[in-house]
1. Scan A:Ala812, A:Ala772, A:Ala741 and give me the residue that is in a helix (DSSP H, G or I) and either within 29 Å of A:Thr665 (Cβ to Cβ) or not hydroxyl-bearing (Ser, Thr, Tyr) (or both).
2. Sort out which residues of the stretch A:21-33 are touching a residue at least 12 places away in the same chain (Cβ under 8 Å) and open to solvent by 30 Å² or more (accessible area, probe 1.4 Å), and write them in order of number.
3. Which residue pairs have Cβ atoms under 6 Å apart, sit 6 or more places apart or on different chains, and have a first residue in the stretch A:185-213 that is more than 21 Å from A:Lys233 (Cα to Cα) and a second that is aromatic (Phe, Trp, Tyr) and assigned to a strand (DSSP E or B)?
4. Would you mind finding the one in A:Leu777, A:Leu797, A:Leu757 that is more than 21 Å from A:Leu500 (Cα to Cα) and in the same structural domain as A:Ile837 (by TED's automatic domain parsing)?
5. Look at the stretch A:156-174 and say how many of its residues are among the basic types (Lys, Arg) and in a strand (DSSP E or B).
6. Need a quick list: helices (runs of 4 or more DSSP H) entirely within the stretch A:28-124 having at least 2 residues that are modelled with pLDDT of 85 or more and over 20 Å from A:Thr409 (Cβ atoms).
7. Yes or no: A:Val395 under 30 Å from A:Ser482 (Cβ atoms) and either open to solvent by 60 Å² or more (accessible area, probe 1.4 Å) or not assigned by TED's automatic domain parsing to the domain that holds A:Thr496 (or both)?
Amino acid sequence: MKVYDPPAWADRLITKFCPEAKVEEIQGDLHEAFHWRCEERGQTIAQWLFIYETLRVIRPDLSHPLQNVKNYIIMYKIYLRTGWRFLLKHKLYSTLNILGLALGISFCWLAYLYTNDEISYDRHLANHEKLFRIVADFKPSDKTHHIGGSSNAMSLKYAEEIPEIDQVIRIKSSYGMIKKEEETLPQEFLYADQELIDVLGLFMVEGHATSFDLPNDLILSESLAAKLNIRGKAVGHIISLSDENGQTDFIVRGVYEDIPLNTSIRSDMMVSFTAYESASTERSLTTWFNINMNSLVKIHDVASRTLVEEKMTDIHYKNSSHEAETFIKLQPVSQIHLDDTYGHYNGIVGAANIDMMKTFLIIGLFCLIISIINYSNFTVSLYIHRASEIGLRKVVGAGRSSIFSQLITESFLSCILACILALGILAILLPQFSDFIGKNYSLDILINQRFLLGACVILVLTSFLSGAYPALVLSRFSILQSLKGEQKVRSGKWITQGLLALQFMIATGLIAGVITMQKQVNHLANFDTKIDYDNVLMMRIPGSEAKLLQFVNDLKALPEVAEVAAISGYNGTGIETSEQRVEVAHLRLEGDLLSMLDIAVTEGRNFDPNLGSDRSDKVMVNQALVKALGIENPIGATIPFDYGELKNPTIIGVVEDYLYNSAKTKVKPLVIYQSPQYQLNQVYVKLNTTAIFDESLFASIWSDHFDPFPFQFRFLEARYKDEFRAEQLLINLVGTGSAVAIFLATIGLLGMVGLQLGLRLKEVSIRKVLGADNSSLYRLFTSRYLMVISLGIVGGLASSYFSISAWLEGYAYRIDMSMLIVAPTIFIVLIIGISTILGQISRVLRANPVTFLRSE
Amino acid sequence: MELIGSLEEIVLMILLNHERSNSVDIAKHYHDALNKHISIPAIHVVLKRMEKKGWVKSEFGEPTAERGGRRKRLYSATASAYNMMTQLNSVKSELWKGITKPSLRYEGL
C-alpha cells in the first residue's frame, strides 16, 4: 500500500507555533493519526482532518505563540547589537552615512508634508464629493476662455429649474474698512448665502447660524473677533463697514470657529448675501452672463453630474444673449485648489503652486536616492571588515537568508537613527520652510495620522532599498575565501561606480536647472520692455472718477512731480473682422502716458490735448495690432473696434510693442483711446529726477481725497521685478536642493575614494618605495573616478535637457540652453569632484610608506 | 473533590482500561466505544489539563516510522485518578438508585 505524507506546509505551521517541548509529541501524534485515518477513511479526508487539527493546535492552551517569537527577538537584538558595534567602529563613515540619510529623509518629509497639505484642501468638508463650483468654457473665437465664476441670475435659475440640484450657494468677495476706535482696519469679507455655514461646517461659538439672512447680518471668525476686542460680547455688536460708496452698519449675529487653513473658501468675515442683493442694481442681478461671483452647487447624486451640466448648458442657451459656443460645467470642490484652469478669485483662496510642489517632491526624492546610494556604496566598500564575521556566521550555520536579514536589520538601525536626526533637522527647517512657501506649519502638524504613516513608509522603504544591495553582495560570500581574507567583491565594482555616476548625474541635472532658471529670470528682468520705468510710481484709486481727477490736479501742483497720467488699466475684448476675431487689450488714457514712460511712437502722432476730436473717435494702436489685422497704411485707417460708445475709430498713431503685461507672455494687440468708455482707476506719477520721494507728502494729499483708505503705491520697476517672485522662489528652492544634492554626492565620493584607497594602501606604498613620483600616482588614481564623474555629467546634461527645454517652452521670451549654461555646470561639478578626489589621494600619498609596509 | 468534565471522564476511563496509550490510541478507543470521531488536539488539551490535576502521568515511548521518527508520549492514569473515579462512580450509582422505576415515568422512551 502506498504511504502518503501529510501536507508539508501544515506540518511547518506546527513547528512554528508549537512550543518546542511539545512539538515532538503533537506532531508525532498528528502524523500517526493521519496514517490511521488514511487506512480507515481515505487519504482526502485524512488530509483535511490533518489541516483542521493543525489549525486547532494553534490555541493558547496548547501552544504559546510568543514563546517562539521570543527566539526571534533575541536574534534581532543580537543583530542590532552587532550593527551598533559596527557603527561605533567606523565612526566617520557611520556619521557621514547617517547624516546623508537624515538630510535625504528630512527633505522627503518636507516634500511629503507639503504635498499632503495641498492635496488635503477641501477634502474635510462633509459630502465634498457632491459639492461643485459652477464654471464656464466660453468659446467666442478659436480660443476657449475658462471662466471660473457665474452670475446671480444663473445661480437662481439653476436652483429653480434643475431638480437634481439640492442647493446653490452664492459667494462674492468684497472689501471694506472697519472703524475700530481711532484706527481703520482694511478687511476682506464674503457675501454669502446662509447655507454656506452648513457646507463649510462652521461651528458657531457665539450666536446662531439661523439668523444670517437679513441685509444687515454679519458673522465673523474668532480671531477677527479677538482682533476687534469683542470676544464673548460680539452678538449684537454693530460694525461699520465703509467702501467707496459710503458707510453701512452691520449687526454681528455670530462668531464662528476659525476656518481650517486648507479650505478654499475661507474668510474671517461674512455678510449676508441679501446685503449684496439690496446694494446692487436690478440690472446687474438679472443680466444672465454678468459673471462676477462664484456659486457652489450641491447635487443630490454624484452620478447625475453630467446630466446637470447638460441641463445647465441648455438653460444657458435659452437665456443668454451671447451666441458663442458655451459649456457650463461643474468643477468638484476638491479640485479647486489644485487645478488652476478656472482661476481663483471671488471668494476662492489662491491655488496650489503645482510647479513648486512637483519640484519639491523631485528634489526630496533625489536627495533620498543619493543618500541611499551613499549608504549602499559605503557598506559594500566596508565589506572587507565584515568578511570574516560573515564567514564565521556561515560556518556556525547561518544561511544566506539570515545574513541578508541581519544586514537589512543593520540598515534599519541606521535609518532609525537617521530618522531621529531628520526630526531634529525638520524642527530647525520647518519655520523657514513654511515661511518660504507662504504657509503656516508648526511642529504639531507632525502628529498626524497620515504624516506618521508616510514617515513609516519612507523609513521602511529607505532601509530596505539602502540595505538590499550590500546585503545581497555580502550574503553571497563564500565561507572559505572570507575566512582566509581573500574574499573580493567582483560584480559589485560596476554597480558601485554606476551608482556613483547616477549621483553625479542627479546633481548635474539640478545644477543645470538652477543655472538655466537664473539665466532665464535675469533675461526677463533685464528684458527690453521699451518702457522707461525710472521714478514712476502707480496707485490704484478706490474712489470715483471725479475724485480721481481732483486728486490728479492736486498732484500736478506739487513741485516734485514731473507728470501725471490716469488710466483705466488694461482690459480685454475682441475685434471681429469678416475673416477672424482678434483678442485685443484696450486702455483708456487721460494725460500723456506715452511720453511719461518714453514709449516710442513709430508712425503717426501722439494724442494732442488741444484737439477735441482726439477725445472721441481717435485711437492709437500698437504694432502687434497692425500686424494682426494686416493693415498696410495704419494712419487714417478705421478698425472694427467696438466697445461701449466707441465704434469703428480711426487710427492716428502706432506705438512700439511696449510690454504692458508680464514678460512671460507675448505682447498682445492693444488699442489706446481717450474717450470715456471705461472708468479711470489708476494714476501714474513721474517724479522729477532731482526730487526726493517723500511718502508722507503724498499720503497727506491722498487722505484729503480718499480717507479712510490707506495710501498704497508701487514703483513700476519694483512691480515689474515682482512678476518673477514665483520664479525666484523656485530658483531658491532648486538652488538649495542642488546644493544639498551635490553635498551628498560629494560625501559619497569622499567615502568611496577613501575606502577604496584604504584597500590599496600597500600598493601605493610599494609604488612609492619603488620610486613612483606623486604626479603619476595622482594621475593613476584620479583617472578612474574622473571617468565616473564625466559619465555622470554627460548623463545629467542629457536627461535634464528635455525637462529644462519643456520649462523654457512656457516663456514667450526665452533663452536657449547653450554653452553658457552647460559650461558653468560642468565646471562646478568637475571642480567639486576633482578637489574631493585629490584631497583624499593626497592624504594617502603624504603618509609614510613604512607605516603600511612594516606589518607584513 | 475536584470537578471533572465529561470528555475528561471518558478519556480517563479509557486510560484506566488501557495503560500507556498516546492520544491516537485514545482516539481509536474513543471511536470504538462511542462510534464517534474526535480530534487529536482536543485529546491533547484534555490530557494536558488532567496532567496538571495529577490524574495522569506520561513517559516517552519508542520512536516509530509512521510518526516520522518521533517518540510517542504515553499516558497512564495515576492512583489518585483511580480513587477519584471509584468515588465518583459510587456517588453516581447512589444517585441512580434514587431514580425509581424509571420505565414508569418515562414510558414513551
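The values are calculated or read from the model by the stated rules, or taken from the named source; none is laboratory data. Remember, it's a predicted structure, so these values are computed and weren't measured experimentally. Counting neighbours? That spans all protein chains shown, and the Cβs are built from the backbone with ideal geometry, glycine included. These area figures cover heavy atoms from the full protein model, side chains too; ligands, DNA and RNA do not enter into them. Shrake-Rupley method; radii C 1.70, N 1.55, O 1.52, S 1.80 Å.
1. The unique qualifying residue is A:Ala741.
2. A:Lys22
3. If the second residue must be aromatic (Phe, Trp, Tyr) and assigned to a strand (DSSP E or B), the pairs left are A:Glu188/A:Tyr175.
4. A:Leu777
5. 2
6. The helices (runs of 4 or more DSSP H) meeting that bar are A:43-57, A:91-119.
7. yes
Let's see how each residue does on (1) part of a helix (DSSP H, G or I); (2) open to solvent by 30 Å² or more (accessible area, probe 1.4 Å):
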| position | (1), (2) |
| --- | --- |
| A:Leu499 | yes, yes |
| A:Ala507 | yes, no |
| A:Gly513 | yes, no |
| A:Tyr533 | no, yes |
